[in-house]
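Data block below; observations after.
The values are calculated or read from the model by the stated rules, or taken from the named source; none is laboratory data. Note that this is a predicted model, so its numbers are computed, not measured. We place every Cβ from the backbone using ideal geometry, glycine too, and count neighbours over all the protein chains shown.
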Amino acid sequence: MTAYEPPTALPRDMLRREDVRSAIAAHDFGFVFRIARSEAGISYSKIAAECDMKPERVGALARGEGRVSTFSKIAQIADALRIPGHMLGLVSRDWEVAEPYVATASARVISTQRDGEPVRRREFFKVSAGVGLAVGLPDVEPLGTSQRIGSKVPEQLRRRTAQLRRLDDVLGGGDTYRVYIGEFQATKGLLRDGSYSEETRRELLSVLAEQAQQAGWAAFDGGKHAVARGLYEDSYEAASEADDSALAGNALAFLAYQAGNGDGSAGVEIAERSCRTAGPEAPASVRALLYERLAWAYAVAGNAGGTEKELEAAEVALGEKDQNPQPDWAAWVDGNELQIMTGRCWAELRRPLRAVPALEKALSQYDETHARDKSLYLSWLADAYVTSGEIEQAAAVTGRALELSVGVASVRPRERMAVVIRRLGAHRAVPAVAEVLEMARS
């Protein structure tokens, strides 16, 4: 604990106020800055100096313009304003006096390191993601007693679905499934109970298909495989009825990805059908997504030629200057994602000379806040290192993947890691391997 008390430290009685505590929990620092100036006499210039921010940035936040979301800056604000870590989703700061601020939660706290800051990863992101959604989710216009659904409602629902999709960036399916299935069920209710034009009906069905895919992915990620398959099938039916060939193709791609976990040939057949269903007129981002999913299906089936052909097709599609609107559900497919899929495919095909460079390059640019996905992708890099005989490096990468997967509500990282750990088991005499095997057991 340090003796230094910054001039921006908030009075303790202020930290006990319900409105201040709510704002802190929501990471609404603009509100906190306003209260600090108006009621504690702490100027914006002092806050700016202590938080290493520009005064105009502090003023903008106080006016409700923008948000603070990075680990390092939130930690700086916590230290400058002497906000106890547990109020922000951080572990205790080194200056804290335990007495009045000890967190009462009995849940086990799992810490990890990022930029030198220990962080309660799950709690931090649940707060951050939830706050962002609360601010950004578009409202759906009231339906009234007639339950007549206007033409604007499907687009409002689609924007809401796009915002909710951001949760998947930082949370696993175990955390998001209930949110996504609730949205899906609500839209089903509108279709069942409301009245609308034929055009609005088609748009609602398209939204329903998108929501079913979102809920299906969360179910798959959380280990609910039968539920996921049913939702993907529901999505395909709704998209087909809506004449949305791109979404119908993507529903099949999800089914192919799931089928490929058990039967490579079944995955290929469905993935090929997904590309035919979407067709050559689908938006470029959609075609890139479906081609790379087909490449993965070929890789699982052991077809190197088919894999290479579809990876090249995905790269061509990504390079197109498509002026048409690209759907939000395919927007995550970019050059880095394609590099990751390329590396995964070649790792699956036991071609480490191709897999390792692609994965290392892509993962060097991959933020560790996306813990689930990065731990998954590291598992393929570790697998490729085992194949190439670089056992110590494989062990090091596996250890990092295990660290990242802690506390993530997804079954997939541990399932993938189990494959790598089994392969490493043949090298348990290597000290680095023995250490990571012990880490996996614990």
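Return the residue satisfying two criteria in turn: it lies in region 28-49 and is of a type outside the set (A, V, I, L, M) and in contact with a Leu (Cβ under 8 Å, 6 or more places away or on another chain), and of such residues it is surrounded by the fewest Cβ atoms within 10 Å (Cβ to Cβ). Among them, the one singled out is 30.
Restricting attention to region 145-159, and to residues there that are out of contact with any Gly (no Cβ under 6 Å at 6 or more places or on another chain) and surrounded by 21 or more Cβ atoms within 10 Å (Cβ to Cβ), which single residue is nearest to residue 415 (Cα to Cα)? The qualifying residue nearest to residue 415 (Cα to Cα) is 157. Candidates 432, 395: the one that is more than 30 Å from residue 215 (Cβ to Cβ), over 27 Å from the mean Cα position of the chain (by Cα) and surrounded by 17 or more Cβ atoms within 10 Å (Cβ to Cβ) is 432. Within region 340-364, being surrounded by 22 or more Cβ atoms within 10 Å (Cβ to Cβ) and without any contact (Cβ under 8 Å) to a residue 24 or more places away in the chain holds for one residue alone: 358.
Checking 441, 416 one by one, the residue that is buried (at least 17 other Cβ atoms within 10 Å of the Cβ) and either at pLDDT 95 or above or among the charged types (D, E, K, R) (or both) is 416 and no other.
Here is a yes/no grid of residues against (1) in contact with a Pro (Cβ under 7 Å, 6 or more places away or on another chain); (2) under 25 Å from residue 335 (Cα atoms); (3) modelled with pLDDT of 95 or more:
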residue: 204; (1), (2), (3): yes, no, yes
residue: 211; (1), (2), (3): no, no, yes
residue: 239; (1), (2), (3): no, no, yes
residue: 244; (1), (2), (3): no, no, yes
residue: 248; (1), (2), (3): no, yes, yes
residue: 251; (1), (2), (3): no, yes, yes
residue: 262; (1), (2), (3): no, no, no
residue: 267; (1), (2), (3): no, yes, no
residue: 275; (1), (2), (3): no, yes, yes
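Within region 305-325, being acidic (Asp, Glu), out of contact with any Ser or Thr (no Cβ under 8 Å at 6 or more places or on another chain) and at pLDDT below 95 holds for one residue alone: 320. Taking region 327-442 and the helices (runs of 4 or more DSSP H) fully enclosed by it, the elements with 2 or more residues that are within 30 Å of residue 285 (Cα to Cα) and not small (Gly, Ala, Ser) are at 335-348, 352-363, 371-388, 412-424.
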